[in-house]
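Notes for the one structure printed next.
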Amino acid sequence: MRWSSQELQTEQVGALPGLARLNNLVRSVQTPEFAGITFHEILCKSALNHVPGQSAMPFGYTINPYRGCSHACTYCFARTTHQYLDLDAGKDFDSEIIVKVNVAEVLRKELAKPTWGRHPVALGTNTDPYQRAEGRYRLMPGIIAALADSKTPISILTKGTLLRRDLDLLVEASEHVPVDLAMSIAIYDDELQQSVEPGTPTTKARLATVTAVRERGLDCGVFLMPILPFLTDTRAHLDEALRRAKAAGATSVLYSGLNLKPAVKEWYLLWLAREHPELVGRYRELYAGGQYAPKEYRTWLAARIKPLIRAHGLERGVVDPATGGLRSSALPTSPERMPVSASRTPSPSPASSSGRGLGPVRGPSLETGPGAIRWARGAEVPRSLIAAELPPDLAPTLF
Ligand code: SF4
């Protein structure tokens, strides 16, 4: 296996009780290049995660090659998922990273099943697939190739500039399936960005990644999420953010205010008390009613940012309410045109057995047989799916 030849400083089996209960832990490792981080390598049993439908657009599939994220955003909505492993939602989420070392192999088997309906698959809607660990484990090339070989549309949301490493593969994939890319870039004040997202690449580096994607001929959205009350919601900050996103070549921008789930809220408020103690009271008041800022705040934010988006000539992008990621351009444009049945879908597509080849070019649209998904890039979408207008229970689950 590709990871067995790498040098390790320490190796432990069953290092943590919660992980041991998974009974598929291969080993826990630490390496000098990733000081303070422990990787827990596991053999996963499944790769595709079906997100239950919450709307008229029911097809939500995601892949999470990693659990936990060394990007360490204090506001990260996925933090609570670490608690299922007896790990905490704070420091452990940032430093105890679960790695599904066999995810590409398992995925390829799942995609080969005759029942697979080639629904769009989103990456980056729970934890970041291009976090630092990806530089070591290189799971994404195998995932992208498996999806493209099976004619499955791909959507990726990331803060990781490592995306650039895979641009050749993504461009090649886009000749066969819709590929929708977005960078999450919410903070345009360098000091604040390093403080609140301490493990992430800089804003400048992420904007350069947007430009690199655009130079390769692919669209690239920018997620301006979350907008932090009293910190990044000033007109000046939003204006600067949109100006730089536009200058970088962003093809769309998506925004939403900060959501603070329990546990995430505690971690974020600890950071706030350290860095901006004067704001703690205002946040407690704003989020007194739960994880969402009140409707009045969200309405105020929308009224502030919408004219700026228009002024900068940016398109407003669309969030997939099922996954929280960029809505795939593969999806039909209205519920009436939804696929009738996933199980009726596939006329089998030729998938390469090499793990790298992408199969024959099929032209600008995907036609896969009766009941299959047909897609139209750039087509109009229902207004109900515009990100910031979603009701809270359908709001993006991350960022
Ligand atoms: S918000 Fe995204 S990039 Fe930041 S820690 Fe969470 S998963 Fe990682």
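How large is the Kirkwood hydrodynamic radius of the stretch 32-117, counting all unique pairs of alpha carbons, in Å? Provide the component values of the computation, followed by the final result.
On the way: mean 1/r = 0.0686 Å⁻¹.
Result for the stretch 32-117, one decimal place: 14.6 Å.
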- Item | Translational D in µm²/s for the stretch 213-258 (Stokes-Einstein at 10 °C, 1.306 mPa s, Kirkwood Rh from C-alpha pairs) | 142
- With the radius of gyration and the Kirkwood radius both derived from the Cα set of the stretch 176-230, what is their ratio Rg to Rh? 1.04
- Message: Apply the Karplus curve 6.51 cos²θ - 1.76 cosθ + 1.60, θ = phi - 60°, to the phi angles in the stretch 32-49 and return the couplings in whole Hz, x for Gly and Pro.
- Response: x, 5, 10, 4, x, 10, 10, 9, 10, 7, 10, 9, 7, 9, 9, 10, 7, 10
- Compute the semi-axes of the equivalent ellipsoid of the stretch 252-302, taking the square root of 5 times each eigenvalue of the Cα gyration tensor, and list them largest first in whole Å. 20, 13, 12
- Kindly provide the Kirkwood hydrodynamic radius of the stretch 47-202 in Å, to one decimal, from all pairs of distinct alpha carbon atoms. 16.2
- Using the alpha carbon gyration tensor of the stretch 118-193, what are the three equivalent-ellipsoid semi-axes (square root of 5 times each eigenvalue), largest first, in whole Å? 24, 13, 11
- Item | Zone residues, the stretch 236-250, relative to Arg304, backbone N less than 14 Å from point 7 Å out along Cα-to-Cβ | 236-242
- Taking the Cα atoms of the stretch 85-142, report the difference between the largest and smallest coordinate on each principal axis, in whole Å and largest first. 42, 22, 18
- Where a ≥ b ≥ c are root eigenvalues of the Cα gyration tensor, a/c under 1.5 meaning rounded, otherwise prolate if a/b exceeds b/c and oblate otherwise, the stretch 172-307 counts as prolate
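Values quoted throughout were computed directly from the atomic coordinates according to the rules given, and no laboratory measurement underlies them. What you are looking at is a predicted structure, and each value in this text was computed from that prediction instead of being measured. For neighbour counting, all protein chains shown are included, and Cβ atoms are generated from backbone atoms with ideal geometry for every residue, glycine included.
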